[in-house]
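The values are calculated or read from the model by the stated rules, or taken from the named source; none is laboratory data. Since the model is a prediction, treat every value here as computed from it, not as a measurement. Heads up, the Cβs are rebuilt from the backbone with ideal geometry, glycines too, and the neighbour counts pull from every protein chain shown. We work out accessible area using only protein heavy atoms, side chains counted, and drop any ligands, DNA or RNA first. Shrake-Rupley method; radii C 1.70, N 1.55, O 1.52, S 1.80 Å.
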Amino acid sequence: MKIALGFLLVTTLFVWIPVSISQDVAVALKTSLLSGSNYDKSLRPVKSASTAVNVDFDISLKQIIDLAEKEQTFRINIWLRLYWNDEFLTWNASEHGGVESLTIHSSDVWRPDIFLYNNIAETYGAIEAVTDVTVTSAGRVSYLQPAIFTSACLVDITKFPFDHQECLLEFGSWIYDGGKVNVSLVNPTADRGIFTQNEEWILNGTPMSRLVTLYPCCPDPYVTIVLTLQLERRSYFYMFNMVLPCIVLMILNLFGFYIPPDSGERLGFFITILLALVVFLQVLSDSLPKTSTTTPQLGQFFAATIWLVGISCLASIVVIRMSYNSPPSRPLPRWLRLLLLRYLARLFCMNTIAEEKHVVHPVKEGVDNLVFMDHDGDTIQQKDTPNFALDLSLREIVRYCREYSAQAREKKEEEDDQDEWKMAALVLDRAFLFLVGLANIIVCVVLLR
Ligand SMILES: *[C@@H]1O[C@H](CO)[C@@H](O)[C@H](O)[C@H]1NC(C)=O
Ligand SMILES: *[C@@H]1O[C@H](CO)[C@@H](O)[C@H](O)[C@H]1NC(C)=O
């Protein structure tokens, strides 16, 4: 027992003494480094005023918080990594108990005043001194600092929901020009090792570039680092919840043309689709970015679909009116017959029915005329007096026959006219079906790319 206790005491002492010594040395070292006469954290840490402080700049992306289309703002959580040499924070490690590095709070040492230039938050884009810095005995300072930045980002939603956006974050020293604080890049792209995937955006690229700019205020150029975030919207949500139902309605609209005009259901069907679309647009318009400068592609798609269904309604009204033209006030106009029953019917392979109908017409008239010519001939006139009564009644019969035939012919003509109108309506209906179908395909191809 005693041996065990003694062993414990000895090991504790051996462990504790070097730690305690190193702690004391570190405290002494820190005090000596940062004491008032040796160190002024508001001055650049160089011994010669003409030397530039070379700041190595690196960024690790943590998370995209939000990209607000309407406000044109972009919020992101990033980890900044800054490295520089501090000529006053050096020591000989072997003279200071082997202490190779020290951690000092970042507010106690000089830090480059890196600002986010295109900041729009209340913090003015400054980096708050929150974390500690690590200083090596050679004077190399590492400053790793998480920060949330809100920047202005010009969002162009013309191609919504298939849009790509580029948001820039421009970092640089606010008061020091390139000759005093020289910021340079460690990596050409931002590190994405700890990046959390965003639900709405895909991060395609994160190139960084070093920019040297001359401002009218000052003679020396300023160096800034521009981080470009190349974002692509995930359009699956919009495809599944908005575009797909709309396409279903489009197809239904097309099949509406197969409802016969006589059935009386047709107009109701189109109107129902139109109502469904309008209600649908109303419900889902919350998801569309509310801007008025440009109409997003999805909005254009909806508007085009509503227009097409509206045109289908109108076409349906025209077709129904044409096929119910009874009694026909007048025969089908010549140009309409030519256009619909000749050319369009041929175009849609409906010419067999169409031509049969209007070829029959003149032939019949010819036959009728022939019959009347025969009756009107001389034979009855030249037969003289003896059977005058018979002659009279014959004339009566002929007149009656003629009247009857004229009536029948009129009726037949009327029916033929009616048929022709119906046929024309059918051809027109087919033409509208093809037009709307074609327009649907064009709308889908152009607006859903
Ligand atoms: C550090 O101190 C040791 C011992 O005093 C000395 O031998 C060595 O040269 C010093 N190193 C430097 C870089 O000054
Ligand atoms: C600043 O750093 C760049 C490299 O990033 C270097 O080419 C340039 O000479 C430096 N400028 C000064 C003034 O040190």
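Sorted by accessible area with a 1.4 angstrom probe, largest first, how do CYS217, CYS167 fall?
Numbers: CYS217 100, CYS167 0 Å².
Sorted by accessible area, descending: CYS217, CYS167.
Computed from Cα positions, the angle between helix 266-284 and the longest principal axis of the chain comes to roughly 10 degrees.
Write down the accessible area per residue of the chain in Å², having rolled a 1.4 Å probe over the full set of protein chains. Provide the component values of the computation, followed by the final result.
Details: 26310 Å² over 449 residues.
Using a 1.4 Å probe on heavy atoms only, each residue of the chain averages 59 Å².
Here the Karplus relation 6.51 cos²θ - 1.76 cosθ + 1.60, evaluated at θ = phi - 60°, turns the backbone of the stretch 175-189 into coupling constants of 9, 8, 7, x, x, 10, 10, 9, 7, 9, 8, 8, 10, x, 10 Hz, with x for every Gly and Pro.
When PHE269, PHE74, PHE162 are compared by accessible area of protein heavy atoms, the largest-first order is PHE269, PHE162, PHE74, using a 1.4 Å probe.
Given +1 on the Cβ of Lys and Arg, -1 on the Cβ of Asp and Glu, and no further charges, what dipole in debye does the stretch 178-243 carry about its Cα centre, rounded to the nearest 20?
Working: 5 positive and 5 negative charges, 21 e Å.
Computed about the Cα centre, the dipole is about 100 debye.
Computed from the C-beta positions of ILE202 and VAL278, the FRET efficiency with R₀ = 51 Å rounds to 0.95.
Could you tell me the convex hull volume per residue, in Å³, taken over the Cα atoms of the stretch 34-77?
Numbers: hull volume 7.3 nm³, N = 44.
In the stretch 34-77, the Cα convex hull volume per residue is 166 Å³.
For the stretch 41-234, with the dipole built from +1 on Lys and Arg beta-carbon atoms and -1 on Asp and Glu ones, taken about the Cα centre, which of VAL155, SER48, PHE74 lies farthest toward the positive end? Of the options given, the answer is SER48.
Structure remark: mean-square fluctuation, Gaussian network model of the chain, C-alpha springs under 10 Å; the largest value among LEU102, LEU82, LEU67 belongs to LEU102. Maximal additional length on extending the VAL46-LEU244 stretch stands at 64.8 nm, based on 0.36 nm per residue less the C-alpha distance. Projected onto the charge dipole of the chain (+1 at Lys/Arg Cβ, -1 at Asp/Glu Cβ, origin at the Cα centre), which of ALA126, LEU33, THR228 gives the Cα projection farthest towards the positive end? It is LEU33.
Among ALA49, ALA408, ALA138, the largest mean-square fluctuation in a Gaussian network model of the chain (Cα springs under 10 Å) belongs to ALA408. Once the Cα atoms are used to define both axes, helix 244-255 deviates from the longest principal axis of the chain by about 10 degrees. Expressed as a whole percent, the accessible surface of the stretch 41-234 that belongs to carbon and sulfur atoms is 53, based on a 1.4 Å probe.
Just checking the listed ones, ASP56, ASP113, ASP24: in the Gaussian network model of the chain with Cα springs under 10 Å, the one fluctuating most is ASP24. Modelled spin labels at ASP419 and PHE255, positioned 7 Å past Cα toward Cβ, are 3.3 nm from each other. Long-range amide H contacts for ILE65: which residues qualify at under 5 Å (H placed 1.01 Å from N, peptide plane, sequence gap of 5 or more or a different chain)? Result for ILE65 returns ARG75, ILE76, ASN77. Magnitude of the charge dipole for the chain, about its Cα centre and with charges confined to Cβ atoms of Lys, Arg (+1) and Asp, Glu (-1), is about 540 debye.
Taking a point 7 Å out from the Cα of ASP191 in the direction of its Cβ, the residues of the stretch 138-169 whose backbone N falls within less than 15 Å of it are 142-147. Note on ARG449 and VAL25: the extension gain reaches 145.9 nm, defined as 0.36 nm multiplied by sequence separation minus the Cα-Cα distance. By the Cα gyration tensor, the stretch 19-148 has an equivalent ellipsoid whose semi-axes, rounded to whole angstrom, run 34, 17, 12 from largest to smallest. Distant-in-sequence amide contacts of TRP201, defined by a placed amide H-H separation under 5 Å and a gap of 5 or more residues or a different chain, comprise ARG234. Around the amide H of TYR117, modelled in the peptide plane, lie the amide H atoms of GLU170, PHE171, GLY172, all under 5 Å away and 5 or more residues distant in sequence or on another chain. Per-residue extension of 0.36 nm, minus the Cα-Cα distance of ARG342 and TYR400, leaves a gain of 17.0 nm for this segment. Dividing the alpha-carbon Rg of the chain by 2.2 N^0.38 Å yields what? The reported ratio for this selection is 2.03.
Over every Cα atom in the stretch 41-234, the radius of gyration and the widest Cα-Cα span, Dmax, amount to 18.4, 66 Å.
Here the Karplus relation 6.51 cos²θ - 1.76 cosθ + 1.60, evaluated at θ = phi - 60°, turns the backbone of the stretch 40-52 into coupling constants of 10, 6, 8, 9, 4, x, 10, 7, 9, 5, 8, 7, 8 Hz, with x for every Gly and Pro.
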